[in-house]
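Asks: Structure in structure tokens, see below.
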Amino acid sequence: MLSVRGLRKVYDGHGRRVEAVGDLTFEVADGAFVCVVGPSGCGKTTLLRCIAGLLPPTSGSVQVCGTPVTGPPDGLAVVFQEYGRSLFPWLRVQENVELPLRAARMPRARRRPLVAEALAAVGLSDAASAYPWQLSGGMQQRVAIARAIAYQPRVLLMDEPFAAVDAQTRADLEDLIRSVWQRLGVTLLFVTHDIDEAVYLGQRVIMLSAAPTRVAEELAVDLPDARDQLTTRGDPRFTELRGQVYAQIQKAKGAAG
Amino acid sequence: MTAALRRATLVVALPAALLTAWWFASAGSTDFYRPPLSRILAAFGETWFGPRLVDDVLPSLARLGLGYAMALVIGVTLGVATGLSPRLRATLEPVLEFLRAVPPPVLVPILILVAGIGNTMKVLVIVSGCVWPVLLNTVEGVRNVDGVLADTCRSYRIRGQARLRHLVLRSASPQIVTGARQALSIGIILMVISEMFAASSGLGFTIVQFQRGFAIPEMWSGVLLLGLLGVALSVVFRVVEHRVLGWYHGIRAVQRQ
Amino acid sequence: MTAGKTGRTGKPAGRVRLGLAGLLGFAALLELAPRAGVVPERYAPPTSRIVAALVEQAGEQRFWTALADTARTWATGLAIAVVAGVALGVLIGATPLLRAATASTIEFLRPIPSVALIPLVVVLYGATRSSTLVLVVYAAFWQVLVQVLHGVADIDPVARETALSYRLGRWARVRWLVWPTALPYAMTGVRLAASVALILTITGELVIGSPGLGREIAVAQTSGAVPQMYALVLVTGLVGVAANLVTRGAERRVLAWHPSVRAEVPV
């Protein structure tokens, strides 16, 4: 479904050359939930933007559903970290969720049920006519997720989406995104700096090295599919897995500089 | 004192005090140039609620409305085009900086040369003065579209006309409205000047005629009328602005907390 | 992380070159259009003739006197407006009761166009500099006042409570809290006021006949000296550009310490 091969990105400017991404190669199977973790500044966001077609790589290739990515591909939705800036402040929640469908010229009769479903899926049916800035941070991020759901993408990219919300809201959103993933069967690539979150959410965890970024290690998360904040995080296997990821990240941080 | 009563008092207190002071200070005035307020108010009723309303006041306002509307259309169109194209902007910037620095009233003699002293000249004067704040503020507004919002549009493949409507124009609307407000003040100034300087009818012309003919209370009443017009137009503008920019005031109120 | 503002232009040298090209293109257009008969030469003399008239003017004492008059009126009016605006703005802004009581009056007086005062000042002061000065001060004052009021209102409540809890007295608070917060707004007000002041200065000279560039333009127009008139218009444009540069430079210098230069408060 998603294939990254030899991805390399060099930033050139102000007299400095920064090789943000060195050589990234990995695959994400159809319908899989894969988390990407790495030390700070390791080019996770660069990777995501290259996959989303928002940034052209210096070399290497990205393919989504077999088609090479040269610009924002069809059937792909992105949820950004800065929910406040990604929602249109002049549109109400419902209109925000509806906008990509409107722009794609979907007739209203088809749009409306999709929007209503998406809002129900994230639990915001009551907030449909509010403005985003009237809502809390967690709710705003849910609106962004609803917008992605309504778009019916085949691939969903999330760039540290819960980094800017408080811990309790984060827990709720994590469970929400897992349930959304299970219902819709999308391919989900989730970038995060939170190791616990990566292990809790993903079926696989890809660990990145420090810049120039490469895939340091991949890990299959063999926890049961039905995950729950209390029991899963208390599971000894969870602790083992997170320890492995943690150790790898520390190694990556140590190898930098 | 209830809250509403207190608020009403605060709104009315100072203006009432000032007006009363003016009334009594000028009551016994024998100064030819500073007639009693009572006479001014009497002259106001006599002068402006007759045929002059239709012959002079309304045409002046109509010219202002026409010139202002044209300036808005031209300014926003050119502003969007310039704002979206960095090359165009760089090419035009020095020329625009110069043209906007020319004080608009100075164009009155030029336009009199070109267009005589009829309606065309007056409307042209208003357009030529009002277009600059609108143009320049539109360029600024278009330039400062939020990066995350722009990325969101790109990744949801919202392009072309939809992008222009939903992203660029609405994002720039607060700045455009700022320009429109400045343009309104300039428009009023130019409306009056174009008529004071060389004309045969209109509000400004009438007032200058009173001044030259030493009809002092009528002149004062004209000054009063201009003041009231300025205030009335400002109120209308505020009402329209609140409807168009309701979302913007809301978001700023939230941010300020 | 993100693209930041859209529409970056690229290398500065390229921008300068494009800008120069624009200027030259504009001048060329104004030169060729009249010559080609597209625009009647009577109304729009070619650039070369305007420049020649300008050079001729520059040789005359009268021109420099007028320029000095305009500059003086502008600067005086602006200075008075700024001092009054800042002083009243801080005074009114600092006291909630005063703010509330004066709000309606300010909102009423502010939109009154200065030009409404023209017949009044002509009748009261004649065609002197004072008439124009009244116009200039009246218009510029409101720009400064409104911005300063917004600045004082923008004081972070957390910062204020911190100041209070450290028992900073009234003057200390004005110095360390009120003034730095209001300063960027005040500078914006100065910038807006400078532009408005120039407009009203020229307007006064044009319409009332006070000494200055505006009056020279009116004279040139009535005597049919068209190239001279355009030359003077050119000069007022340059004066305007100079005024903008000066105020923007001052703003940058005064606010060098400020992390962000605030956008104009839409007033």
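Asks: From the list C:V207, C:V241, which one is aliphatic (A, V, I, L, M), at pLDDT 90 or above and on the phi < 0 side of the Ramachandran plot?
Replies: Exactly one residue qualifies, and that residue is C:V241.
Asks: Here's another thing I want to ask about it. Would you point out which residue out of B:R34, B:R89 is within 14 Å of chain C (Cβ to nearest Cβ) and closer than 30 Å to B:G147 by Cβ?
Replies: Result: B:R89 is the single residue among B:R34, B:R89 that is within 14 Å of chain C (Cβ to nearest Cβ) and closer than 30 Å to B:G147 by Cβ.
Asks: With the requirement that a residue be facing another protein chain (nearest Cβ under 7 Å) and touching a helix residue (DSSP H, G or I) at 6+ places or on another chain (Cβ under 6 Å), what does region B:134-148 give you?
Replies: Listed by number, the residues that qualify are B:R143, B:V145, B:D146, B:V148.
Asks: In region C:211-226, which residues are more than 14 Å from B:V106 (Cα to Cα) and modelled with pLDDT under 90?
Replies: If the condition is that a residue be more than 14 Å from B:V106 (Cα to Cα) and modelled with pLDDT under 90, then C:S223, C:G224, C:A225 are the ones that fit.
Asks: Would you check which residues across region B:148-173 are in contact (Cβ under 8 Å) with a residue 60 or more places away in the chain and buried (at least 24 other Cβ atoms within 10 Å of the Cβ) and list them?
Replies: B:A172
Asks: Another question about this same structure. Restricting region A:117-133 to residues that are in a helix (DSSP H, G or I) and in contact (Cβ under 8 Å) with a residue 12 or more places away in the chain, which is nearest to the other protein chains (Cβ to nearest Cβ)?
Replies: Taking the candidates together, the pick is A:W133.
Asks: Also: Scan region A:51-63 residue by residue and report those that are more than 8 Å from every other protein chain (Cβ to nearest Cβ) and within 15 Å of the chain's Cα centre (by Cα).
Replies: Within region A:51-63, A:I51 is the sole residue that qualifies.
Asks: Of all residues in region C:110-135, how many are more than 22 Å from B:G187 (Cβ to Cβ), of a type in the set (S, T, Y) and in contact with a helix residue (DSSP H, G or I) (Cβ under 8 Å, 6 or more places away or on another chain)?
Replies: Residues meeting the conditions: 3.
Asks: For C:Q61, only one of the following conditions fails: (1) farther than 21 Å from B:P109 by Cα; (2) buried (at least 17 other Cβ atoms within 10 Å of the Cβ); (3) of a type outside the set (A, V, I, L, M). What is its number?
Replies: If we test C:Q61 against (1) farther than 21 Å from B:P109 by Cα; (2) buried (at least 17 other Cβ atoms within 10 Å of the Cβ); (3) of a type outside the set (A, V, I, L, M), just (2) comes out false.
Asks: A follow-up question, please. Name the residue that is farthest from C:L135 (Cα to Cα), counting only residues in region C:175-219 that are in a helix (DSSP H, G or I) and hydroxyl-bearing (S, T, Y).
Replies: The qualifying residue farthest from C:L135 (Cα to Cα) is C:T181.
Asks: For a quick check of your reading of the model, give me the residue pairs whose first member lies in region C:33-57 and is within 12 Å of chain B (Cβ to nearest Cβ) and closer than 14 Å to C:V233 by Cα, whose second is β-branched (V, I, T) and buried (at least 18 other Cβ atoms within 10 Å of the Cβ), with beta-carbon atoms closer than 7 Å and at least 6 apart or on different chains.
Replies: Pairs found: C:P45/C:V226.
Asks: While we're on this one: From the list B:Q182, B:Q209, B:Q161, B:Q175, which residue is over 24 Å from B:L66 (Cα atoms) and more than 13 Å from chain A (Cβ to nearest Cβ)?
Replies: Just one listed residue meets the conditions, B:Q209.
Asks: Now, a different point. List the helices (runs of 4 or more DSSP H) inside region C:13-111, counting only whole elements, that have at least 3 residues being under 25 Å from C:L200 (Cβ atoms).
Replies: By residue number, C:61-94, C:96-109.
Asks: How about region A:197-226: which of its residues are surrounded by fewer than 19 Cβ atoms within 10 Å (Cβ to Cβ) and assigned to a loop (DSSP other than H, G, I, E, B)?
Replies: Residues satisfying the conditions are A:Q203, A:P212, A:D222, A:L223, A:P224, A:D225, A:A226.
Asks: Moving on. I need a count of the residues in region A:78-91 that are at the interface with chain B (Cβ under 7 Å from one of its Cβ atoms) and either assigned to a strand (DSSP E or B) or of a type outside the set (A, V, I, L, M, F, W, C) (or both).
Replies: Going through region A:78-91 one residue at a time, the tally reaches 5.
Asks: Between C:T236, C:T247, which is in a helix (DSSP H, G or I), of a type in the set (S, T, Y), within 22 Å of the chain's Cα centre (by Cα) and modelled with pLDDT of 90 or more?
Replies: C:T236
Asks: Is there a residue being more than 25 Å from B:P174 (Cβ to Cβ), at pLDDT below 85 and over 19 Å from the mean Cα position of the chain (by Cα) anywhere in region B:90-101?
Replies: No, region B:90-101 contains no residue that is more than 25 Å from B:P174 (Cβ to Cβ), at pLDDT below 85 and over 19 Å from the mean Cα position of the chain (by Cα).
The values are calculated or read from the model by the stated rules, or taken from the named source; none is laboratory data. This is a predicted model, so every value here is computed, not measured. Cβ: placed from backbone, ideal geometry, glycine included. Neighbour counts: every protein chain shown.
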